[in-house]
Amino acid sequence: MSFFKKLKNKMTTQSDTVTEKFKDGLTKTRTSFSSKVNTLVSRYRKVDEEFFEELEEILIEADVGVATVMDLIDELKDEARIRNIKETVDLQSVISEKLAELLHKEDEDSNINLKDNELSVILFVGVNGVGKTTSIGKLAHKLKSEGKKVMLAAGDTFRAGAIDQLEVWGERVGVDVVKHSEGSDPAAVVFDAVKSAQSKGVDVLLCDTAGRLQNKVNLMNELEKIKRVISREIPGAPHEVLLVVDATTGQNAMNQAKTFSQTTDVTGIVLTKLDGTAKGGIVLAIRHELDIPVKLVGLGEKVEDLYRFDPDQFVYGLFADMIKAEEEE
Amino acid sequence: MAFEGLADRLQQTLQKVRGKGKVTEADVKEMMREVRLALLEADVNFKVVKQFVAKVKERAIGQEVIESLTPGQQVVKVVNEELTALMGGQQSKLAVANRPPTVIMMVGLQGAGKTTTTGKLANFLRKKHNRTPLLVAADIYRPAAINQLQTLGKQLGMSVFEMGTDTSPVEIAKKGIEKAKEEHHDYVIVDTAGRLHVDEGLMDELSNIKEAVNPDEILIVVDAMTGQDAVNVAQSFHDQLGLTGVVLTKLDGDTRGGAALSIKSVTDTPIKFVGMGEKLDALEPFHPERMSSRILGMGDVLSLIEKAQTNVDEKKAKELEQKMRTMSFTFDDFLEQLTQVRSMGPLDELLGMLPGSGQMKQLKNVKVDEKQLNYVEAIIQSMTKKEKIEPDIINASRKRRIAKGSGRSIQEVNRLLKQFEDMKKMMKQMTNMSKGKKKGGMKLPFM
């Protein structure tokens, strides 16, 4: 059975609506990616250096990143040699297969790690303007609709209007927000939030932090302190440290993932704004080079547009056209 | 430091060529491959990279040999020139309306930093041009966006025009301009909501705002970390609105910022400003020619000098120079100097601008701990007037008192005294040197 058929079968057992949402959200990504591969295949009949070079460009254009692309191309070249593939048409499914392999790590848990009947703390970190506060708002909505009691901590005490922004989300979703005034110590806010969450019997506490560029040592130290405060109050917490990454980001996302992991042991990635860009290739690079799973993706502006990341769904969304084409053959 | 990665990479590549007397075609090919990879890794759009590499290759293999340069230097020169050309040649300034107010419209994706940049730009206009702009809050979508602009307005002491979130942005912008005319503001900056370039509804709204207020500048705010898609984003906004400039934000991060290189070449829109930090004064005009030498590791001496000029009081510098010559340099002078240098910005940023700092291993990841400088200040401030002038009189008991007063250890006090002595010695050597060579005054003695 072909790789795509297996994937298709797996998909039909899952809820259709979410898969559809992935397909819709990834429309731009998919059409640009698979149509480009298709044109490439029809232009080059024979598998040769030039073919690989152009394939390399398509992948690079998708922000997959030079290192990952080089590895991928090398693997493809080997594969072509081993299987003795001469026609580009025959290589097409190998390309998709390789990409899917990259995204797909077995025994990986992309679920948000939450404690039963106990307070779980999730810390959100990331550079400026990636959508931390918005993601928190969306996740709060999601958790609340699953019946959890949620609380938000306004840990971004630096950016003008950040506390107000989180409060608006709190009202919208209907959850409590713990805040101090602008310019106060974020660790103190988080400390109060943990205390308050414990006494009020909250299930999940979502902690916002100010956006910071990963090369600012002092700000990264501040983040470390916030995390330390949480761990001191609740052993084993924070249960998740989610790095929020903008899908339009280029190779710097890799630096972000590396540096934030060093400071705060990032346990997962939230990939935002994936609906608008033609790319998202950085997902491949992050999974290829670092061992951090993508846990959530933002696929739209509405409050419910935050989804659990499912590699299978992502691949299916990416290759939906190709899968259909293969079926028709 | 921004662009450092790219600088390093090209530096390494060019180093190989630099040492040689002659560049073979194989060398050029090898080098171009490296340049290509470096640029791609730096997120420069692959189409731009292709053109760039082809151009450089052609010129590098072709003649154009200047006698004073080795062929290796020649290639460096070509890469530098092409890079500068790619980034926009000359520095480009803000347009000014014939009849005030000059209307500036800020557009861009979500999270690029439009609102922050609006605040920074307002601050820039006041500091450099002595103008007080009116800020118009036309982002009615993102929660608390209006609050954010109002807070910035409060910090700057500037008025912000808003009509809540129930009025259409077009209407808000229109009324904002009217208000600015009434109150005789020279500039109006309209902050619009972030939107995806594929969102037709919201893109049309921007066109409507444009029609309503007829802006003199439409600036797109782009995150310097943006990947290959930066070009598509800029292109879409450009097609829809006819952009007049780009503001590149978050360039103080460690991104290689290749997006900057692509945008101009694809949209033919100049980069007018760069955001270099979180504070409101961290907006600088973009200097394409300087930036490209920075990429090549030649340092950004010009930027540094300009920075120093606006911040260091020239008269004080002269006095200081005099003092150094006569060796009457005291701890008071030292403290003053320290304050002046610090007023130029974070020290690690300054160091990154020095030529060759990209190459020097010691300076590579230098993070100047600003706290240490605070300690130094505290120690000096704990000295008596007499001690500051004559540090020689500081004995063990005085040291103990100083340490106690500043809350630092005696070892730290000792270290500072030692450093101060060394510095004086060094200065003596330096002044002797410049006397001997009859060179003009030293402009920046602290470097």
Output the residues belonging to segment B:93-129 that are within 14 Å of another protein chain (Cβ to nearest Cβ), part of a helix (DSSP H, G or I) and either of a type outside the set (A, V, I, L, M) or farther than 18 Å from B:HIS185 by Cα (or both). B:LYS114, B:THR115, B:THR116, B:THR117, B:THR118, B:GLY119, B:LYS120, B:ASN123
Number of the exception - B:PRO445 against (1) at pLDDT 75 or above; (2) within 19 Å of B:ASP332 (Cβ to Cβ): (1)
Collect the residues in segment A:198-235 that are aliphatic (A, V, I, L, M), within 14 Å of chain B (Cβ to nearest Cβ) and within 28 Å of A:LYS149 (Cα to Cα), keeping them in residue-number order. A:ALA210
Assigned to a helix (DSSP H, G or I), over 18 Å from the mean Cα position of the chain (by Cα) and within 10 Å of chain A (Cβ to nearest Cβ), is that true of B:ASN232? yes
Within segment A:137-154, tally of residues that are surrounded by 22 or more Cβ atoms within 10 Å (Cβ to Cβ), closer than 16 Å to A:VAL202 by Cβ and touching a helix residue (DSSP H, G or I) at 6+ places or on another chain (Cβ under 7 Å): 6
Candidate set: segment B:31-40, residues that are modelled with pLDDT under 80 and of a type in the set (D, E, K, R); chosen: the one surrounded by the fewest Cβ atoms within 10 Å (Cβ to Cβ): B:ARG33
Of (1) farther than 20 Å from B:LEU109 by Cβ; (2) buried (at least 20 other Cβ atoms within 10 Å of the Cβ); (3) in contact (Cβ under 8 Å) with a residue 60 or more places away in the chain, B:GLU162 satisfies all except one. Which? (3)
Of B:THR249, B:THR255, B:THR267, which residue is in the same structural domain as B:LYS174 (by TED's automatic domain parsing), modelled with pLDDT of 90 or more, farther than 25 Å from B:ALA180 by Cα and out of contact with any Pro (no Cβ under 9 Å at 6 or more places or on another chain)? B:THR249
Residue check, B:ILE209 against (1) buried (at least 21 other Cβ atoms within 10 Å of the Cβ); (2) modelled with pLDDT of 90 or more; (3) within 13 Å of chain A (Cβ to nearest Cβ), all met but one. Which one? (3)
What's the number of the condition B:ARG256 fails, among (1) in contact (Cβ under 8 Å) with a residue 40 or more places away in the chain; (2) touching a helix residue (DSSP H, G or I) at 6+ places or on another chain (Cβ under 6 Å); (3) outside any helix (DSSP H, G or I); (4) more than 9 Å from chain A (Cβ to nearest Cβ)? (4)
Six or more apart or on different chains, Cβ under 6 Å: which pairs go from a residue in segment B:176-203 that's free of Cβ contacts under 8 Å to residues at least 60 places away in the same chain to one that's of a type in the set (Phe, Trp, Tyr) and surrounded by 23 or more Cβ atoms within 10 Å (Cβ to Cβ)? Could you list them? B:GLY176/B:PHE161; B:LYS179/B:PHE161
In segment A:236-278, the residues that are within 8 Å of chain B (Cβ to nearest Cβ) and among the aliphatic types (A, V, I, L, M): A:ALA253, A:ALA278
Counted residues, segment B:402-414 - those being part of a helix (DSSP H, G or I) and surrounded by 16 or more Cβ atoms within 10 Å (Cβ to Cβ): 5
Just a yes or no: is a residue in segment A:84-92 of a type outside the set (A, V, I, L, M, F, W, C) and under 30 Å from B:VAL44 (Cβ atoms)? yes
For segment A:193-228, how many residues are surrounded by 23 or more Cβ atoms within 10 Å (Cβ to Cβ) and either outside the structural domain of A:VAL175 (by TED's automatic domain parsing) or free of Cβ contacts under 8 Å to residues at least 60 places away in the same chain (or both)? 1
Filter pass, A:GLU118 being surrounded by fewer than 20 Cβ atoms within 10 Å (Cβ to Cβ), within 14 Å of chain B (Cβ to nearest Cβ) and among the acidic types (Asp, Glu): no
Of the residues that sit in segment A:227-250 and are of a type in the set (Asp, Glu) and not in a helix (DSSP H, G or I), which one is nearest to A:LEU139 (Cα to Cα)? A:GLU240
With the condition kept exactly as written, say whether any residue in segment A:139-152 is under 16 Å from A:ILE226 (Cα atoms) and at pLDDT 90 or above. yes
Here is a list of conditions, (1) under 18 Å from A:ILE136 (Cα atoms); (2) in contact with a helix residue (DSSP H, G or I) (Cβ under 6 Å, 6 or more places away or on another chain), and A:THR209 meets all of them except one; can you say which number that is? (2)
What's the total number of residues in segment A:54-97 that are among the small types (Gly, Ala, Ser) and within 14 Å of another protein chain (Cβ to nearest Cβ)? 3
For segment A:154-206, name all the residues that are among the charged types (D, E, K, R), outside any helix (DSSP H, G or I) and in contact with a Leu (Cβ under 9 Å, 6 or more places away or on another chain). A:ASP156, A:ASP176, A:LYS179, A:ASP203
Those residues of segment A:165-186 which are away from chain B (no Cβ under 11 Å), in contact with a strand residue (DSSP E or B) (Cβ under 6 Å, 6 or more places away or on another chain) and crowded, with 18+ Cβ neighbours inside 10 Å amount to A:VAL175, A:VAL177, A:VAL178
For A:SER110, work out the one condition from (1) modelled with pLDDT under 70; (2) of a type in the set (Ser, Thr, Tyr); (3) in contact with a Leu (Cβ under 9 Å, 6 or more places away or on another chain); (4) surrounded by fewer than 17 Cβ atoms within 10 Å (Cβ to Cβ) it doesn't fulfil. (1)
Provide a single number: the residues in segment A:91-101 that are modelled with pLDDT of 80 or more and either over 16 Å from A:GLU49 (Cα atoms) or in contact with a strand residue (DSSP E or B) (Cβ under 6 Å, 6 or more places away or on another chain) (or both). 2
Do we find that B:THR132 is more than 8 Å from chain A (Cβ to nearest Cβ), under 23 Å from B:VAL222 (Cα atoms) and hydroxyl-bearing (Ser, Thr, Tyr) in this structure? no
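The values are calculated or read from the model by the stated rules, or taken from the named source; none is laboratory data. Keep in mind it's a predicted model, so treat the numbers as computed, not measured. Quick reminder, even Gly has a Cβ in these numbers, built from the backbone with ideal geometry, and neighbours come from all protein chains shown.
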